[in-house]
Amino acid sequence: MAWRLPELDRRIVFALVGLSVTIPILWKFHFPEFPSPMVRGVFERVDSLPAGSKLLLTLDYDPGSEPELNPMTDAVTRHAATKGIRIYYITMWATGPPMIERVIRQVLQKEFPDLAYGRDFVTLGYKPGNEAAIAIVASDLRKLFTTDGRGTNINAGEMTGSLRNLRSFDMVFSVSAGFPGTKEWIQYGTDTAGVPIAAGMTAVQAPLNYPYYPTQLLGILGGIKAAAEYELLLVKKYPRFADPAFPQEATAKMGPQTWAHLTIIGLIVLGNLTTLLAGRRGRR
Amino acid sequence: MGAAPASGSNGATGGGSVNRKAILWAVLMGAGGLWLVWRVATGAMPAPWGLEGLGLWVAALLTLAVFSFLLGDNPVYKFAEHLFVGVSAAYWMVTNIWAVLVPNLFGKLFPEWISTHLLPGLRENGRAPETDWFYLVPAVFGILLLWRLSPKWPWMSRWALAFIIGITAGLRAIGFVASDFIGQIHGTIVSLAVWSDTGSFLPGASFNGLITLVGVLAGLCYFYFSKEQTGLFGRVSRLGVWTLMITFGAGFGYTVMGRVALLVGRLQFLLIDWLRIASP
């Protein structure tokens, strides 16, 4: 009887995928990136915001999605900080506050030491309630927030004192890994408030949100590939970000990512071919 | 009679195989451990002490513990899984106490005490806000929810649950009708001939519009079950199935990309941050 690839021990498949990721990490195999029109559209939209604009950056994810979403959070934060855009972080996930504090510590405070908390960026922290909380942010943010994420009275803060609702922001950028996430921000927030929204999300989430593009959503950064494209656009527009002091995490991940994809494609093709050949021999 | 020796022979071979496997694993683990000790001793990788070093080692060993599931269920994986569940439960409880109960409930009902002892940020110009007695309503509803734990009066929690279900259903109905139903119909009404600002025809954008229109109509035909799917209607439904299959394929591709990205993230952590055998 002819041998078929599907009979292969699954541990060998795991080992092959593991090696296809490990070897490019060790020896730095990279492929060139080409920005897609959608990523370019999101980039240009953020880039068109004038200095002093208010960007609401919603980080609705947990440590499990960090490898995919941290790079786009960092890239958008760098972009906004360079432009002098005021960044407001918020999360609807209980696991979100450490994500916000990480980007503040590792990107804003490290790479932009001149920027100050409360003047150039602020965190509104975590609020539970999922879509209900988003609806309250859209209508009257002060009903939900008495302090910012670090315990400062919301009326006393330079950046938070003037906030009323979602219409107080010039743009929303949602980075999400599930529920509540981009979909809920569109349904209960930006659609009713009429505020433009762009989004970055895990690759798994991207197909579910494509129907909202382009009328309800300016664009989607889907997974690590789109984050790498955004990083490339950022480096092209602002060459100082090519310095190793500004890590291009998504670009670094794309080498192993592409090799793993090639391995998986090879296994799928080989599996189908061997099954086809085995079927033909069986019929004879 | 003949079966007994065969069975015994198989059993002996199986036992030998298990022993050889155990010895092989013990040797591999021992060699790996010695290699780690040597790297720590030579300063090639961080030592497992100090807050940062200990955190790094715990994270790395827990990652390996979870990866061990690829070889089969085992006690090390079970330990990591249970630890994750326990830590998550505690994290959620503490976060919700400080992000919800303290500022949004106790801070409204006892603003003076809370702003003095727990949350100074509640004070504005040195003064605590007025007590908002309306928040007694959510406080009572919250306590009612806990009655679910009572063996005698668990039904009392249903009042609070009814309130939650009612609010959620109403909110979701509005969200879906406005954004998904009307918004999506609006999003589907696209021009089939797209022109640029300078007046030139854009074939790519026009083709996208055509795919959207045909895909949506064919998909809707597939889900229309009041007419037998034969003839022209059947062929359009078939096109709808193809559209759905392409969507599922794209979704599967994206899922693979997402999962591989997570694997890359973990291996980068192990190879770069922990073992230090690769550069960032």
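The values are calculated or read from the model by the stated rules, or taken from the named source; none is laboratory data. Please read these numbers as outputs of a predicted model, since none were measured by experiment. All Cβ positions, glycine included, derive from the backbone under ideal geometry; neighbour counts span all protein chains shown.
The listed residues are B:Gly265, B:Gly249, and the only one of them that is buried (at least 16 other Cβ atoms within 10 Å of the Cβ) and either within 14 Å of chain A (Cβ to nearest Cβ) or part of a helix (DSSP H, G or I) (or both) turns out to be B:Gly265.
The combined condition, being aromatic (Phe, Trp, Tyr), assigned to a loop (DSSP other than H, G, I, E, B), surrounded by fewer than 24 Cβ atoms within 10 Å (Cβ to Cβ) and more than 9 Å from chain B (Cβ to nearest Cβ), is not fulfilled by A:Phe145.
Residue-wise test of (1) within 33 Å of the chain's Cα centre (by Cα); (2) modelled with pLDDT under 95.
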position	(1), (2)
B:Leu161	yes, yes
B:Thr168	yes, yes
B:Ile182	yes, yes
B:Val190	no, yes
B:Ser206	no, yes
B:Glu228	no, yes
B:Leu267	yes, no
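Scanning region A:136-154 for residues that are among the charged types (D, E, K, R) and within 15 Å of A:Gly118 (Cα to Cα) gives A:Asp148, A:Arg150.
A single entry from B:Pro129, B:Pro120, B:Pro138 fulfils the requirement of being within 13 Å of another protein chain (Cβ to nearest Cβ) and out of contact with any helix residue (DSSP H, G or I) (no Cβ under 9 Å at 6 or more places or on another chain): B:Pro120.
Selection of helices (runs of 4 or more DSSP H) fully inside region A:24-107 by the criterion of at least 1 residues being more than 14 Å from the chain's Cα centre (by Cα) and within 14 Å of chain B (Cβ to nearest Cβ) returns A:37-47, A:96-103.
Tell me yes or no: at least one residue of region A:112-119 is crowded, with 21+ Cβ neighbours inside 10 Å, free of Cβ contacts under 8 Å to residues at least 40 places away in the same chain and not in a strand (DSSP E or B). Break it down stepwise before answering.
Just the residues of region A:112-119 that are crowded, with 21+ Cβ neighbours inside 10 Å, to begin with: none.
Checked region A:112-119: no residue is crowded, with 21+ Cβ neighbours inside 10 Å, free of Cβ contacts under 8 Å to residues at least 40 places away in the same chain and not in a strand (DSSP E or B).
Within region A:1-18, the set of residues being touching a residue at least 12 places away in the same chain (Cβ under 8 Å) and within 12 Å of chain B (Cβ to nearest Cβ) comprises A:Val13, A:Val17.
For (1) modelled with pLDDT of 90 or more; (2) among the hydroxyl-bearing types (Ser, Thr, Tyr); (3) part of a loop (DSSP other than H, G, I, E, B), each residue gets a yes or a no:
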{"residue": "B:Ala4", "(1), (2), (3)": "no, no, no"}
{"residue": "B:Met29", "(1), (2), (3)": "yes, no, no"}
{"residue": "B:Val40", "(1), (2), (3)": "yes, no, no"}
{"residue": "B:Pro48", "(1), (2), (3)": "yes, no, yes"}
{"residue": "B:Lys78", "(1), (2), (3)": "yes, no, no"}
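Applying the set (1) closer than 30 Å to A:Ile25 by Cα; (2) more than 14 Å from the chain's Cα centre (by Cα); (3) at pLDDT 95 or above to A:Pro196 leaves exactly one unmet item: (1).
Against the definition (β-branched (Val, Ile, Thr), at pLDDT below 95 and out of contact with any strand residue (DSSP E or B) (no Cβ under 7 Å at 6 or more places or on another chain)), how does B:Val18 come out, yes or no? Yes: the conditions hold for B:Val18. Would you tally the residues in region A:123-132 being touching a Lys or Arg at 6+ places or on another chain (Cβ under 8 Å) and facing chain B (nearest Cβ under 10 Å)? The total comes to 2.
Any chance region A:210-221 includes a residue that's of a type in the set (Ser, Thr, Tyr), without any contact (Cβ under 8 Å) to a residue 12 or more places away in the chain and either facing chain B (nearest Cβ under 9 Å) or surrounded by 23 or more Cβ atoms within 10 Å (Cβ to Cβ) (or both)? Yes, some residue in region A:210-221 is of a type in the set (Ser, Thr, Tyr), without any contact (Cβ under 8 Å) to a residue 12 or more places away in the chain and either facing chain B (nearest Cβ under 9 Å) or surrounded by 23 or more Cβ atoms within 10 Å (Cβ to Cβ) (or both).
Within region B:110-156, how many residues are part of a loop (DSSP other than H, G, I, E, B) and more than 19 Å from A:Lys143 (Cα to Cα)? Step through it out loud before you land on a result.
Just the residues of region B:110-156 that are part of a loop (DSSP other than H, G, I, E, B), to begin with: B:110, B:118-119, B:123, B:125-126, B:128-132, B:150-153.
Filter again for more than 19 Å from A:Lys143 (Cα to Cα), leaving B:118, B:125-126, B:150-153.
Looking only at that region, the number is 7.
Taking the criterion of being surrounded by 14 or more Cβ atoms within 10 Å (Cβ to Cβ) and outside any helix (DSSP H, G or I), the only residue of region B:226-246 that qualifies is B:Gln229. Of all residues in region A:148-167, those satisfying the criterion of being surrounded by fewer than 21 Cβ atoms within 10 Å (Cβ to Cβ), away from chain B (no Cβ under 14 Å) and out of contact with any strand residue (DSSP E or B) (no Cβ under 7 Å at 6 or more places or on another chain) are A:Glu158, A:Ser162, A:Arg164, A:Asn165, A:Arg167.
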